[in-house]
Amino acid sequence: MKNIVLLLLSLQISFFVTAQNAVALKLPSGFTSQVVTQEQGRVRHIAIAPNGTLYLKLERLRNGFGIVRLRDLNQDGVYEDSLLFGNYIGTGIAVKNHFLYASSNNAIFRYALDADFQPINPTAPGRLVYGLVDKGQHASKSITLDNAGNIYVNIGAPSNICQVEDRKAGSPGSMPCPILDSAGGIWQFSASSLDQTYAQGVRYATGLRNVVGLDWNNEVNDLFVTVHGRDLLFQHFPQLYDAKAGAELPAETFYRLKKGQDAGWPYAYWDQFKKKKILSPEFGGDGIKEGAPDAIEPLMGFPGHLAPNALLFYTGLQFPKRYRNGAFIAFHGSWNRNPEFQEGFYVVFVPMKNGLPTGEWEIFADGFTGKDKIMSPREAKHRPCGLAQAPDGSLLVSDDVRGWVWKISYPSK
């Protein structure tokens, strides 16, 4: 087929973790981990079908393709059968009702799946949405679906804090922020209509700088998101913030969203120590004044700059009961906490019931970096990025440095 390339690999490959490149994950007592695939490329989000077929979305093309389909044909717990398709990079991927949904940095595509959850025509997906803002910064388009035929997509703000001149010290914030008409929020589209643009979509929630982790919570039938907070408080305002405050603030945040809500970016940020919305200094703040009084508050704030890249509500039966309906969040790790050590690079758990946290967050899976302390993310062997719940109730975690996927299980006694 001219101008259409489909790379199909049916290779029996055994993946061995050598002593040289292995990392030992630190997990709660009773949990075990296994590497189920590795060296798959810059793996961002992942999705798994009810029969165990695994789909990976790549940030960089591999042999010209950006989606990897994996199968464990011999049922040994390791994926060895590969199909590559989709000639675009991106982050978002999801499986629902015999369709695979995947995003580029400016569009969303849909692939019909057969009875075995294999793509029927991987070279010709339906284009659900196109023309989304992509200006390089915060360009990834994460997605999730509800149970009423809608798909939700993050459109990150191509800006740090909506200044007249982005990331320039002394440049004031733009009031009102013009970016919010087409970015800095979550948009809702039909999960079945083709060739939609902004005109057919709905701005579901706004004031969200960059949401990379999002999931639909079936227990309460609402959308939940994790948000990357702003940068440069200390660097641009040393008279207001010292280096430590610049490393810790503002919080990375976890929200429950309803249609029409505003989370306050860029006018305010969440201070996890004061537990208040603080007016951004570009808009006249001094580190103390509160701002955005009409904006909603997050469910929880985490230390600054940890980069929450995936969110998943656990609904399985394999893990102990306390994990049911709780939230797992994959933190990709910081790059801008100097002079402090960089932090994150782990998966945390937030116990929840009826859509609300019932306790503090806790580190669930750690050790991805292969080091106790790092000063630069380039030192990290792996950085968690995507999460998926396997049919047996285990948890899958992807890495976008070397393209590994771990399966975390709680074996029955």
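Among L233, L249, L257, L240, which is surrounded by fewer than 20 Cβ atoms within 10 Å (Cβ to Cβ) and not β-branched (V, I, T)?
On inspection, the qualifying residue turns out to be L240.
Name the residue, out of N154, N150, N160, that is out of contact with any helix residue (DSSP H, G or I) (no Cβ under 8 Å at 6 or more places or on another chain) and farther than 30 Å from G285 by Cα.
Sole residue among the options that is out of contact with any helix residue (DSSP H, G or I) (no Cβ under 8 Å at 6 or more places or on another chain) and farther than 30 Å from G285 by Cα: N150.
Restricted to the stretch 116-150, and to residues that are of a type in the set (G, A, S) and either free of Cβ contacts under 8 Å to residues at least 12 places away in the same chain or in contact with a strand residue (DSSP E or B) (Cβ under 8 Å, 6 or more places away or on another chain) (or both), which residue is surrounded by the most Cβ atoms within 10 Å (Cβ to Cβ)?
Taking the stretch 116-150 first, the residues of a type in the set (G, A, S) are 124, 126, 131, 136, 139-140, 142, 148-149.
Now restrict to residues that are either free of Cβ contacts under 8 Å to residues at least 12 places away in the same chain or in contact with a strand residue (DSSP E or B) (Cβ under 8 Å, 6 or more places away or on another chain) (or both): 124, 126, 140, 142, 148-149.
Details: A124: 11, G126: 16, S140: 23, S142: 31, A148: 8, G149: 12.
Step by step, filter the stretch 116-150, then rank; the result is S142.
Mind checking which residues of the stretch 186-224 are closer than 19 Å to D294 by Cβ and either in a helix (DSSP H, G or I) or modelled with pLDDT under 95 (or both)?
None; the set is empty.
Take the stretch 354-381 and flag every residue that is closer than 30 Å to E297 by Cβ, at pLDDT below 95 and either part of a loop (DSSP other than H, G, I, E, B) or touching a strand residue (DSSP E or B) at 6+ places or on another chain (Cβ under 8 Å) (or both).
First, pick out the residues of the stretch 354-381 that are closer than 30 Å to E297 by Cβ: 354-366, 377.
From the residues that got through so far, the ones that are at pLDDT below 95 too are 377.
Correct list: empty.
Any idea which of P384, P411 is modelled with pLDDT of 95 or more and either surrounded by fewer than 18 Cβ atoms within 10 Å (Cβ to Cβ) or touching a strand residue (DSSP E or B) at 6+ places or on another chain (Cβ under 7 Å) (or both)?
Selected residue: P384, the only one of P384, P411 that is modelled with pLDDT of 95 or more and either surrounded by fewer than 18 Cβ atoms within 10 Å (Cβ to Cβ) or touching a strand residue (DSSP E or B) at 6+ places or on another chain (Cβ under 7 Å) (or both).
Report, by residue number, each residue of the stretch 42-82 that is in a loop (DSSP other than H, G, I, E, B) and in contact with an Asp or Glu (Cβ under 8 Å, 6 or more places away or on another chain).
As a first pass, look at the stretch 42-82 and keep what is in a loop (DSSP other than H, G, I, E, B): 42, 49-53, 63-64, 72-80.
Residues satisfying the conditions are R42, N51, G52, T53, D72, L73, N74, V78, Y79, E80.
If you check A183 against the conditions, is it at negative phi, assigned to a loop (DSSP other than H, G, I, E, B) and touching a strand residue (DSSP E or B) at 6+ places or on another chain (Cβ under 6 Å)?
On the way: at negative phi: yes; assigned to a loop (DSSP other than H, G, I, E, B): yes; touching a strand residue (DSSP E or B) at 6+ places or on another chain (Cβ under 6 Å): yes.
Yes: the conditions hold for A183.
Taking the stretch 128-163 on its own, how many of its residues are under 19 Å from L312 (Cα atoms) and of a type in the set (S, T, N, Q)?
6
Table: residues versus (1) assigned to a loop (DSSP other than H, G, I, E, B); (2) without any contact (Cβ under 8 Å) to a residue 40 or more places away in the chain.
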site: L312; (1), (2): no, no
site: F328; (1), (2): no, no
site: G333; (1), (2): yes, no
site: P339; (1), (2): yes, no
site: Q342; (1), (2): yes, yes
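Can you tell me how many residues within the stretch 43-80 are crowded, with 22+ Cβ neighbours inside 10 Å and of a type in the set (D, E, K, R)?
3
Filter the stretch 253-282 down to residues that are within 21 Å of Q235 (Cβ to Cβ), in a loop (DSSP other than H, G, I, E, B) and of a type in the set (A, V, I, L, M), then give me how many there are.
0
The values are calculated or read from the model by the stated rules, or taken from the named source; none is laboratory data. Everything numeric in this text was worked out from a predicted model, so none of it was measured. So basically every Cβ, Gly included, is an ideal-geometry build from the backbone, and we count neighbours across all protein chains shown.
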